[in-house]
Structure formats: structure tokens, C-alpha cells
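Working notes for the structure below.
The values are calculated or read from the model by the stated rules, or taken from the named source; none is laboratory data. Here the structure is a predicted model, which means the values were calculated and not measured. Every residue, glycine as well, gets a Cβ built from its backbone with ideal geometry; the counts of neighbours run over all protein chains shown. Just the protein is used for accessible areas: all its heavy atoms, side chains included, with ligands, DNA and RNA removed. Shrake-Rupley method; radii C 1.70, N 1.55, O 1.52, S 1.80 Å.
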Amino acid sequence: MTTVPPAYRVPLPDRLIDLIGKHLDDLPNPKLSLTDGQLSADVADRYRAVLAGTPDAWALIQHLRDLLDDDQGEGFGVLTATPLLDHRGIDDGLKAVTVILSWLATPLKTNDTEPLWSLLDADPQHTVDQSPLHIDAVHTARPPDYTAFLCGRPDPRGGGLSLVSPIHRAISRLTDDEHALLTDRIHRPHDTDTTTGTGTILDVFPVLDTTLPPADGYVRFHPHLLKNTDPADPHTSALHALEHELVARQRRMRLAIGDLLITNQHLCAHGHGALGGFQHHLPDKQRRRIWRIHLRASGPTP
């Protein structure tokens, strides 16, 4: 199936669209704290004040939390935000979506080089390949709790399907030995990222980190961890086994314009398939446009 399963699609109520439209021009633009990279408290307070305007807002957030935070579920949901983009355009649309997401958790940026909303397809030459299933910022002390993706335009070549996979179902399929190997600390791949809202960069860390929620451990998985590893090392074999189980359970979905895919990084890995060929032949106004934002939960996640 390449469409979003109905059980995971959350419509945006008309009354909530009207409420946001009524307040949006008077609300400040997103501003980040210089100390922790999170949405500044004064802006967050203004955004969350709108939440009190209708019970529809509370019902929407509860619906999203039921999908995202159920440790027996798949850890993702898709909010249909199309009317916000249709009515307001992309700039005001991103602001409106930020307002809604701030009711769920606190928007933040993960490193100094990225804006709050990152355009993932700015250079078609570097986005044709797939992005395999992974968790963002695996080598930081506090990876984002949620990652969200807003589709401004799907790939007209038919590629770029969004991927999600319930990560703890994959872990449950591993052997006891593989599970134990993933709790050993490994060295991170070399990079030059500087973190903002995710704490210090860890030089070594376990793939299965029992110091973070959920109760059976946070899974710090990224295919980059397999680069330059010894094929004969049992740790490498355990990582491959985890990757295999993730792929075996993945869902492939084609997001439509205005679809907002939200994933709980404690429960769900994400990625995307390769874009269709000949991307460089497409005019800029036709290429796929996906924006990404990270979020920090105010309380413990599953």
C-alpha cells in the first residue's frame, strides 16, 4: 500500500482552520531560544493560548497523542493540513503548522546549521537516492522526541515515498545475543555537526540505550553506523539484523500536498524512497518539496 492508511490519517477540523486563520496574522513568527534551540517561551505561550479557543484543538492533540505515543502502536500519524497551505501559502502555512505542532510538543532545531524548518529537496542532485530507515540525531545526548515532515508537493516522477517502521517490533524479533550486542557502546561515525537543542554529541553510545524511554530502551539506529565496520564483527551482524527487521515491517506511503507526517522517534524509524529519475530535468516549481521540523516533548514519551 502506498497511500496513508485511514486509521493513521487525522483531518484538520474546519473550525480549527478558521480559528488559526483568525489569529495567525496577530501571532509572532517562530523565534528560537539562544540557549537551547527551542521555540522561545513567549512565542510558545502565544501559540498555546490559541489552543484554549475551541475544544476541537484539544480533541485534535489527543487524537495525535493516541497515535504517536501508544507503545503498542506504530508511532506515527498524518495530519491533513492541506487547507492551511491552500488558504495561506507556504510561508504562512509553515507558521500555522508550527502553531499546531507547538500544542503537541516544543519545536526545536537540532544543530546550528539548520533552520527550524529544513527543506529536504533543495538540491535535486543530492536527493535522488533513498534515505533508508533511521532515527534523527542518534549521536546526541537527547535526540528529538518527534520528527515531522510537511509535503508541499509530491515527486511528479512518482518516487520519494515516505517510509515508517515500528522500531521496537523490529527489536523484539532479534535474538537474545543480538539484543545484548546492541546494548554495547559503539563509536559514532565522524562528522562535524554542532548541536543546538539536542545536548552534547556522544563519542560512544549504545544502539539500544536503556537510559532513555521507552522502558525497554531507546533505539539509536542509523545506516551510517554500518559504514567502515568489520563484516566479521558480531556487532555489525546485529546492526544488519536490526536493519533487516525494520525493512521487513516498513510502510511505504505517498504523501499528498499538505500532509504532515509526524513520527515518535522513541517508537518509529523513518526515511524515504528514491526520487524518480531525471530530477534535474524538472523545473524547480515542479520538484518534490518536503519540509522537516523536530520537536521536544514537555514530558516523558513512551
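Ligands, DNA and RNA are left out, and with a 1.4 angstrom probe the accessible area of the range 235-274 is 32 Å² per residue. With 5 Å bins beginning at zero, the pair-distance distribution over Cα atoms of the range 126-230 amounts to 2, 10, 19, 22, 19, 14, 9, 4, 1 %.
Could you give the length gained by full extension between T175 and D216, i.e. 0.36 nm per residue of separation minus their alpha carbon distance, to one decimal place? My answer for the length gained is 13.3 nm.
Here each label is just a point 7 Å from Cα along the line to Cβ, and for N228 and F278 those points are 3.9 nm apart. When a/c is below 1.5 the answer is rounded, else prolate if a/b is larger than b/c, else oblate, so apply that to the range 241-302 with a ≥ b ≥ c taken from the square roots of the Cα gyration tensor eigenvalues. It is oblate, given that a/c is not under 1.5 and a/b is not larger than b/c.
The residues packed around S40, meaning those with a beta-carbon under 15 Å from its beta-carbon, carry a net charge of +3 if Lys and Arg are +1 and Asp and Glu are -1.
Across the range 153-165, rounded Karplus estimates of 3J(HN,Hα) from the backbone phi angles (6.51 cos²θ - 1.76 cosθ + 1.60, θ = phi - 60°) give 6, x, 5, x, 7, x, x, x, 4, 6, 10, 9, 8 Hz, Gly and Pro being marked x.
Spread over its residues, the convex hull of the C-alpha atoms of the range 1-64 is 135 Å³ per residue. As a calculated quantity, the FRET efficiency between A59 and S237 at R0 = 41 Å, using C-beta atoms, amounts to about 0.30. Each label was represented as a point 7 Å from its Cα along the Cα-to-Cβ direction; for A256 and A49 these points are 3.6 nm apart.
With a cut-off of 14 Å between beta carbons, the residues surrounding L51 carry a summed charge of +3, where Lys and Arg count +1 and Asp and Glu -1.
Quotient of the Cα radius of gyration of the range 201-290 and 2.2 N^0.38 Å, N being its number of residues: 1.41. Using a/c under 1.5 as the rounded threshold, could you call the range 143-302 rounded, prolate or oblate? The axes a ≥ b ≥ c are square roots of the C-alpha gyration tensor eigenvalues, and prolate needs a/b larger than b/c, oblate otherwise. Taking the square roots of the gyration eigenvalues as a ≥ b ≥ c, the range 143-302 is prolate.
Normalised size of the range 21-120, defined as Cα radius of gyration per 2.2 N^0.38 Å with N residues, equals 1.11.
Label-to-label distance for D71 and E114 is 2.7 nm, based on points extended 7 Å past Cα in the beta-carbon direction.
Between D18 and A41, the C-beta separation translates, for a Förster distance of 25 Å, into a calculated FRET efficiency of about 0.40. Annotation: extensible slack from A141 through D91 equals 14.8 nm (criterion: 0.36 nm per residue apart, minus Cα-Cα distance).
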